[in-house]
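Peer 1: Dropping a structure here in structure tokens format, bear with me for questions.
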Amino acid sequence: MNRITRSGAGLRLEAITFAYPGGASMRFDLTVEASDTVAIMGPSGSGKSTLLSLIAGFEMPASGRIVIGGEDVTLLPPHRRPVSMIFQENNLFAHLTVAQNVGLGRSPSLRLTEEDRAAVADAIAHTGLAGKEKRLPQALSGGERQRVALARVLVRERPVLLLDEPFASLGPALADEMLDLIAALHREQGMTVLMATHDPRDAERFSRTLVFVEGGTISAIGPTQKFLSGHGPAAFDRYLGAHRALR
């Protein structure tokens, strides 16, 4: 798959502040090494999705800097940042085929060159969708639709991948299958991955680093195994216990 970027980019959030209208102020300071795999965990409403949206450029901070791959991207719009993002609802166009939805990652007008078409074919093959290029999203399973979203991300050739609880609507087996696929792609390409999740199994299965978000700020960061083995902060242990009790 030599057409797709094979390295990640480090990123830094430096004293980033943000608040929704009428909401409490949030502040994020974070450093992620290039090619790391990061799970972002925390209570609902704590700021996990906001953190990802700030990195992607869908929200603009009131102050602070966002640096990706050594470049200050704080004021750049989403399409100019070296970032791709997958949401829980996958954002596919119902009237477009699998190949066309993936092709949007190369050209919003779908005016594809031969190189673009080859990249689309590579991404479809790598995400296990070969033979389904002409199907519409309604003819796909939930897991297959998320594979289309992932293939579209791959052809964009961005070194940072953000995942906002992308498997929350999938059953455990399908979610594990998708996590295994992303892990395999990470081993091959080395992109930097940040994934918001409520499920400690997701974090354990995929991430090296865990970021705990609480009350609109990053309250702790460290090795995932340390957090999940009971040696993390007391606040994280309380969150994990409460989350398990709700399931």
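Peer 1: Can you list the HN-Hα couplings for the stretch 12-17, worked out from phi with the Karplus curve (6.51, -1.76, 1.60; θ = phi - 60°), rounded to whole Hz and with x for Gly and Pro?
Peer 2: Calculated HN-Hα couplings, in order: 9, 10, 10, 6, 6, 10 Hz.
Peer 1: Using the Cα centre of the stretch 94-145 as the reference point, and only Cβ charges (+1 on K/R, -1 on D/E), how large is the resulting charge dipole? Debye, rounded to the nearest 20.
Peer 2: Values: 7 positive and 6 negative charges, 44 e Å.
In debye, rounded to 20, the stretch 94-145 gives about 220.
Peer 1: Using a Gaussian network for the chain with springs between C-alpha atoms less than 10 Å apart, which of these wobbles most: Ser49, Ser63, Ser207?
Peer 2: Sorting by GNM fluctuation, first place goes to Ser63.
Peer 1: Only helical DSSP H runs with n ≥ 4 go in: add -39500 (n - 2.57) per run for the chain, normalise by residue count and round the 222 nm mean residue ellipticity to 500 deg cm²/dmol.
Peer 2: Numbers: 7 runs with 81 residues, N = 247.
Only helices count here, giving -10000 deg cm²/dmol.
Peer 1: To the nearest 20 Debye, how big is the dipole of the chain about its Cα centre, given +1 on the beta carbon of each Lys and Arg and -1 on that of each Asp and Glu?
Peer 2: Values: 27 positive and 26 negative charges, 58 e Å.
My answer is approximately 280 debye.
Peer 1: Now a separate question. Does a label point 7 Å from the Cα of Glu188, set along Cα-to-beta-carbon, have any residues of the stretch 94-138 with amide nitrogen under 14 Å, and which are they?
Peer 2: 119-130
Peer 1: Same structure, new question: 5 Å is the cut-off here: which amide hydrogens, built 1.01 Å from N in the peptide plane, fall below it relative to Ile218, excluding neighbours closer than 5 in sequence?
Peer 2: Asp29
Peer 1: Also, I was wondering about something else. Run the dipole for the stretch 28-81 about the Cα centre, Lys and Arg Cβ at +1, Asp and Glu Cβ at -1, nothing else charged, and hand back the magnitude in debye, nearest 20. Before the final figure, lay out each step's value.
Peer 2: On the way: 4 positive and 6 negative charges, 38 e Å.
For this selection, approximately 180 debye.
Peer 1: May I ask you to compute the full-extension gain from Phe93 to Ala118, defined as 0.36 nm times their residue separation minus their alpha-carbon distance, rounded to one decimal in nm? Present the calculation step by step, with values, prior to reporting the outcome.
Peer 2: Working: separation 25, 0.36 × 25 = 9.00 nm, distance 2.12 nm.
Extending this stretch completely gives an extra 6.9 nm.
Peer 1: Also, quick follow-up: List, in order, the whole-Hz ³J(HN,Hα) value for each residue of the stretch 41-55 obtained from phi through the Karplus relation with A = 6.51, B = -1.76, C = 1.60 and θ = phi - 60°; use x for Gly and Pro.
Peer 2: 10, x, x, 4, x, 7, x, 4, 5, 4, 4, 5, 5, 5, 5
Peer 1: Karplus couplings for the stretch 128-134 from phi (6.51 cos²θ - 1.76 cosθ + 1.60, θ = phi - 60°), rounded to Hz, Gly and Pro as x?
Peer 2: For the stretch 128-134, the Karplus curve yields x, 10, 4, x, 10, 4, 9 Hz.
Values in this text are rule-based calculations from the coordinates and carry no lab data. Because the structure is predicted, anything quoted here is derived from the model rather than measured. Methodologically, a virtual Cβ is constructed for each residue, glycine included, from the backbone with ideal geometry; neighbour enumeration extends over all protein chains shown.
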